[in-house]
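The values are calculated or read from the model by the stated rules, or taken from the named source; none is laboratory data. In this text, all values refer to a predicted model and were calculated from it rather than measured experimentally. A quick note on method: Cβ atoms are made from the backbone with ideal geometry, for glycine too, and the neighbour counts reach across all protein chains shown. When the accessible area is computed, the model is the full protein with side chains, heavy atoms only, and any ligands, DNA or RNA have been set aside. Shrake-Rupley method; radii C 1.70, N 1.55, O 1.52, S 1.80 Å.
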Amino acid sequence: MRLCSIASGSSGNCIYVGSENTHLLIDTGISKKRIDEGLKALEVKGEELEGILITHEHSDHIQGLGVFSRKYKIPIYATPGTIRGIQSYNGLGKMPEGLWRPVQTDQSFLLGDIEVEPFAISHDANEPSGYRLNCGEKSIAVATDLGEYDDYTVSRLQDLDAILLEANHDIHMLEVGSYPYYLKKRVMGAKGHLSNELSGRLLCDILHDGLKHVVLGHLSKENNYPRLAYETVKLEVTLGDNDYQGEDLDMIVAKRDKMSDILTV
């Protein structure tokens with residue numbers, strides 16, 4: 001399996017996960033042109049995609065969905081609540097019949113040779129979800145836009161080979177930054193976003209020897225820096241109640257305007 005962030009950040013998200021035979025996108029929050037460029041670098045054509053998995057209906061996750069899915073007639077998989085939210089989005093445009101494929105959290109389904117497991121997340125959207133993808137004995141998960149996590153979240157992220165995990169903001173930068181109070185409260189709230197510290201603590205709960213790749217994603221442009229996210233998560237792992245040190249991690253930070261390395265498990 002391969003994992004690659006085509007774009008990840010508060011301004012737009014698009015993640016590729018695929019096997020030799022099956023190619024999927026998780027979210028399309030950037031332009032069709034940028035998605036096509038990312039797929040070209042991956043040597044994948046748009047018409048070869050098996051499906052688009054949408055986590056929730058916020059514009060930084062669906063901005064390019066209408067144009068891209070219409071062009072290649074790619075099925076769109078999302079929870080019923082997310083589909084309703086997408087359909088009310090002004091920038092969607094008229095969609096062909098038959099592209100919507102409702103899914104339920106905690107009910108897995110197959111796309112090609114990849115088993116998709118949607119799981120519920122805590123975010124201020126209609127019915128948001130993260131995704132775990134399994135192919136053979138390998139598993140990759142994408143978990144962003146979590147205001148908080150609990151034992152349920154941890155259980156869905158066990159025994160992974162790779163993960164793209166949110167490290168959205170530095171708490172101090174957010175507290176003293178220019179955001180209005182209501183927005184600061186939203187971001188830090190139970191239905192907001194994971195801070196660098198919470199990202200590191202969640203990572204401590206799912207670390208095991210088989211977790212080969214960690215990608216930190218969905219960084220805030222205003223309230224974080226890639227180096228700060230990287231060092232903070234490493235420090236949380238080192239200080240955490242686990243057998244690992246931050247230096248042990250094969251970890252990178254996804255950029256909002258550039259593709260990440262292509263990670264293979």
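The number of residues in the stretch 232-246 being open to solvent by 40 Å² or more (accessible area, probe 1.4 Å) and either within 11 Å of Ala167 (Cα to Cα) or not in a helix (DSSP H, G or I) (or both) comes to 4.
Residues in the stretch 151-170 that are touching a residue at least 12 places away in the same chain (Cβ under 8 Å) and surrounded by fewer than 16 Cβ atoms within 10 Å (Cβ to Cβ): Tyr152, Val154, Gln158, Asp159.
Somewhere in the stretch 63-71, is a residue open to solvent by 10 Å² or more (accessible area, probe 1.4 Å) and either among the hydrophobic types (A, V, I, L, M, F, W, C) or in contact (Cβ under 8 Å) with a residue 40 or more places away in the chain (or both)? Scanning the stretch 63-71 turns up at least one residue that is open to solvent by 10 Å² or more (accessible area, probe 1.4 Å) and either among the hydrophobic types (A, V, I, L, M, F, W, C) or in contact (Cβ under 8 Å) with a residue 40 or more places away in the chain (or both).
Does the stretch 15-23 include one or more residues that are within 13 Å of Met259 (Cβ to Cβ) and either part of a helix (DSSP H, G or I) or modelled with pLDDT of 95 or more (or both)? For the stretch 15-23, residues within 13 Å of Met259 (Cβ to Cβ) and either part of a helix (DSSP H, G or I) or modelled with pLDDT of 95 or more (or both): present. Here Ser195, Ser260, Ser220, Ser178 are screened, and the one residue that is closer than 19 Å to Ser11 by Cβ, of a type in the set (S, T, N, Q), modelled with pLDDT of 95 or more and out of contact with any Leu (no Cβ under 9 Å at 6 or more places or on another chain) is Ser178. If you check Asp257, Asp243, Asp209 for being within 19 Å of the chain's Cα centre (by Cα), on the phi < 0 side of the Ramachandran plot and not hydrophobic (A, V, I, L, M, F, W, C), only one passes: Asp257. Restricting the search to helices (runs of 4 or more DSSP H) fully inside the stretch 42-155 and requiring at least 3 residues that are at pLDDT below 95 and over 16 Å from the mean Cα position of the chain (by Cα) gives an empty result. Mind listing whichever residues of the stretch 139-152 are closer than 24 Å to Ala7 by Cα and not charged (D, E, K, R)? Ser139, Ile140, Ala141, Val142, Ala143, Thr144, Leu146, Gly147, Tyr149 - these are the residues of the stretch 139-152 that are closer than 24 Å to Ala7 by Cα and not charged (D, E, K, R). Screening Glu37 against (1) under 22 Å from Asp124 (Cα atoms); (2) free of Cβ contacts under 8 Å to residues at least 40 places away in the same chain; (3) assigned to a helix (DSSP H, G or I) leaves a single unmet condition, (1).
No other residue among Glu115, Glu97, Glu50 is more than 19 Å from Cys14 (Cβ to Cβ) and surrounded by 15 or more Cβ atoms within 10 Å (Cβ to Cβ) apart from Glu115.
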